[in-house]
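Undergrad: Below: one structure in structure tokens.
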Amino acid sequence: MWFQRMRETLKPYVIDFEGVRCLDFGCGLLQWQTIMLNSLGAKVTGVDMEYIRTDRRLDKYLQIWKTNTPERAIKTAFWDYMYRRRYLEALEDCSPFTLKMDNLDFRQLTSQALPFENDTFDLVVSHEVFEHIPDVWAAAREVKRVLKPGGLLYANVHLFPSISGGHHVEWKYPDETPSQHVPPWDHLRGKKFPDHPSWINELRERDYKPIFEGMFELLCWEPSVYEGVHLLTKEIRAELTDYSEDELLKKGVILVARKAAQQCF
Ligand SMILES: C[S@@+](CC[C@H](N)C(=O)[O-])C[C@H]1O[C@@H](n2cnc3c(N)ncnc32)[C@H](O)[C@@H]1O
């Protein structure tokens, strides 16, 4: 679904991905955007703070152990052996085209600086990553640096005030499987049921927009999807007056931003 949404949103700017130089910023363990763009003929590189590889050799897990945590190495090994094959089959099933797994290119980030020359990529894609970055301004600036003049950033940013924005595992799918014991929007209502999700910066839409607007030409800024509508009671609304109804119900934003054809760093 999200890949189809990306293709639709980018249609006015990119129709054919063949040969397009792409960066999947924060590709993650699932690498779905990297795999799918690769399958459409793009020359794509996936980068992540984590060490990403598709094979199951021992040195991969040792490297994750060294550069991340032993827990992450064990979890990745478990996922690779138990779920990866089934995950790829499911991805193939929902893909309108055949998946190509050859020539996948992944790099691990060891700092905020992207390990690429200026003006390298035609397109940077990023799905639910910016909310995990402490200095969004610096990251956006790095993305801009590695984009070619006229190049595009397509990002889906998960917003903190949304019902799933606290990243509590029990609120990952609020409409399909609402939590039975953690109250909705608990992360904004005193966080009485803390979880141990991945770190998030807690920024709101109004914090992100000026960053991207100030650095790029914003071609699109739209809601990703709305969620939790039937769970926002009058009582919860009355508690959360700092937030608009739109903020509480909007899961995220999708943005398309263009680097100026004339550079002015
Ligand atoms: C919610 S996951 C999304 C992963 C992937 N984009 C997806 O849709 O499946 C967030 C990813 O961002 C990565 N990440 C966090 N901070 C990052 C940074 N500063 N630079 C690159 N990746 C980062 C994490 O390691 C994690 O893989």
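The values are calculated or read from the model by the stated rules, or taken from the named source; none is laboratory data. Treat the numbers as computed from the prediction; the structure is a model and nothing was measured. No Cβ is skipped: glycine too gets one built from the backbone with ideal geometry, and neighbour counts run over all protein chains shown.
Undergrad: Look through segment 168-207, keep the residues that are at pLDDT 95 or above and on the phi > 0 side of the Ramachandran plot, and return whichever of them is nearest to the chain's Cα centre (by Cα).
TA: E202
Undergrad: Would you mind telling me which numbered condition in (1) closer than 22 Å to A238 by Cα; (2) within 17 Å of the chain's Cα centre (by Cα) L153 fails?
TA: (1)
Undergrad: When only residues in segment 39-49 that are in contact with a Gly (Cβ under 9 Å, 6 or more places away or on another chain) and within 20 Å of V146 (Cα to Cα) count, which is farthest from the ligand (Cβ to nearest atom)?
TA: Filtering first and then ranking leaves K43.
Undergrad: Out of everything in segment 4-35 that is touching a residue at least 40 places away in the same chain (Cβ under 8 Å) and farther than 25 Å from R145 by Cβ, what residue ends up being surrounded by the most Cβ atoms within 10 Å (Cβ to Cβ)?
TA: I35
Undergrad: Among the strands (runs of 3 or more DSSP E) confined wholly to segment 105-188, which include 2 or more residues that are away from the ligand (no atom under 12 Å from the Cβ)?
TA: Here the list reads 121-127, 147-158.
Undergrad: Could you tell me which residue of segment 190-201 is nearest to V136 (Cα to Cα), considering only residues that are surrounded by fewer than 14 Cβ atoms within 10 Å (Cβ to Cβ) and in contact with a helix residue (DSSP H, G or I) (Cβ under 8 Å, 6 or more places away or on another chain)?
TA: W199
Undergrad: Can we say R85 is of a type outside the set (A, V, I, L, M), modelled with pLDDT under 95 and either surrounded by 10 or more Cβ atoms within 10 Å (Cβ to Cβ) or within 16 Å of the ligand (Cβ to nearest atom) (or both)?
TA: yes
Undergrad: When segment 129-174 is examined, which residues are found to be more than 29 Å from K11 (Cα to Cα), surrounded by 15 or more Cβ atoms within 10 Å (Cβ to Cβ) and of a type outside the set (A, V, I, L, M, F, W, C)?
TA: P161, G166, H167, H168, E170, P174
Undergrad: Quick one: in segment 143-182, which of the residues that are among the basic types (K, R) and touching a residue at least 60 places away in the same chain (Cβ under 8 Å) is farthest from M215 (Cα to Cα)?
TA: K148
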